[in-house]
Amino acid sequence: MEPVWLVGLDEAGYGPNLGPFVMSMVAVRWTGQGDWIEAFQKLTRCAREKKDPTRPLVDDSKKAFVKEGFEGLEKTVGDFFELPENIGTYLGKHGVVGTPQMLDEIWFKPAQPVLGLENSTLRTEEIRQSFANQGFQDFYHGLAVLPPQAFNEVVSRANNKGAVLSVGLIGLLSHLASTVPEDNSFRVFADKHGGKNQYSATLQNVLDRGVMVAQKESSAESIYKSMGAKHEWKVHILPKADSKYPLVSLASILAKWMREKLMGQFNAFWQEKVPGLEPTAGYPGDAPRFYSQIEPKLLEMGLNKESVWRMR
């Protein structure tokens, strides 16, 4: 049987005015038998369950964040993935889209440790082995990280905010395909992009050749299959995909973790420049307050509004 890669994608920070947009992808080679979802869920726990060091937390990132905070997200990321020492090296290795722009951000500190946890609290090898024993081999992940100026450029070119979701999806899936032999196939699961139901044109950009054919396009789910491509693709895009597919939940946690980590740097930078400044999550309800307070210093530094503020 040809190797099958299971792939989950999700994003964090699509709605805010401040800070980066993050889309993440998690992939794993499935060699097991039976229902992969059931097998994966037996090895993990959801937010409503008690902490268990042998089963990492995999759930919708909002639920996970409310239950166990940033440390809970970080623990899951550290348990699943081998990570370099600092965030600059990490993005250089795993940042597929937007990394050069991110590294140029004035507030970005590449030397920051990628994890704030002690390695002794992580069980990466043990957890990977337990997953491998059930048929989950070779976990892989990638990130699309677009700071405001890069975000604005994509939106401006397309005159459509949803273009950033397409850019992330295409970049991440194309990169994965470039690393995997031709005899492999992909089963992809992702959240809907707003109310959009049609994705053939977007997904066509992932293929080296052949066509992406729609098998179903509805508000409940959009399903696509490739024909004549180097790899075989089947793509499921549906609302609340993280409630059905645990790899989407894991991607959700990865994206939320990275977004929160970068917002920590963003806030720390401006709090140092503007004494007494309260931090922000960057969402519309609070972003204008934060921007109005940093604007004098921003202009003094020779920067414009577009360097920190998303136009949509």
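Quick one: in segment 181-194, of everything that is within 20 Å of the chain's Cα centre (by Cα) and assigned to a loop (DSSP other than H, G, I, E, B), which residue is surrounded by the most Cβ atoms within 10 Å (Cβ to Cβ)?
Per the stated criteria, the residue is 193.
I'd like to know if segment 135-147 contains one or more residues that are at pLDDT 95 or above, crowded, with 18+ Cβ neighbours inside 10 Å and assigned to a helix (DSSP H, G or I).
no
Given (1) in contact (Cβ under 8 Å) with a residue 24 or more places away in the chain; (2) in contact with a helix residue (DSSP H, G or I) (Cβ under 9 Å, 6 or more places away or on another chain), where does residue 213 come up short, assuming only one miss?
(1)
Looking at residue 235, is it within 30 Å of residue 213 (Cα to Cα) and touching a helix residue (DSSP H, G or I) at 6+ places or on another chain (Cβ under 7 Å)?
Yes; evaluated as a whole, the condition is true for this residue.
Can you spot a residue in segment 25-38 that is within 20 Å of residue 115 (Cα to Cα), crowded, with 20+ Cβ neighbours inside 10 Å and in contact (Cβ under 8 Å) with a residue 24 or more places away in the chain?
For segment 25-38, residues within 20 Å of residue 115 (Cα to Cα), crowded, with 20+ Cβ neighbours inside 10 Å and in contact (Cβ under 8 Å) with a residue 24 or more places away in the chain: present.
Regarding residue 201, is this residue small (Gly, Ala, Ser), surrounded by fewer than 15 Cβ atoms within 10 Å (Cβ to Cβ) and in a helix (DSSP H, G or I)?
yes
Suppose we keep only residues that are surrounded by fewer than 22 Cβ atoms within 10 Å (Cβ to Cβ) and among the hydrophobic types (A, V, I, L, M, F, W, C) within segment 163-175. Which one would you say is nearest to residue 6 (Cα to Cα)?
Selected residue: 170.
For the subset of segment 40-89 comprising residues that are out of contact with any strand residue (DSSP E or B) (no Cβ under 9 Å at 6 or more places or on another chain) and farther than 23 Å from residue 263 by Cα, which member is modelled with the lowest pLDDT?
That would be 53.
Does segment 213-220 contain any residue that is closer than 25 Å to residue 31 by Cα, in a strand (DSSP E or B) and not basic (Lys, Arg)?
Scanning segment 213-220 turns up no residue that is closer than 25 Å to residue 31 by Cα, in a strand (DSSP E or B) and not basic (Lys, Arg).
Give segment 214-263 a look and list any residue that's within 29 Å of residue 18 (Cα to Cα), surrounded by fewer than 16 Cβ atoms within 10 Å (Cβ to Cβ) and of a type outside the set (Ser, Thr, Tyr), or say none.
239, 240
The values are calculated or read from the model by the stated rules, or taken from the named source; none is laboratory data. Owing to the predicted nature of the structure, the values given are computational and were not obtained by experimental measurement. Cβ sites come from the backbone with ideal geometry, for glycine too, and all protein chains shown count toward neighbours.
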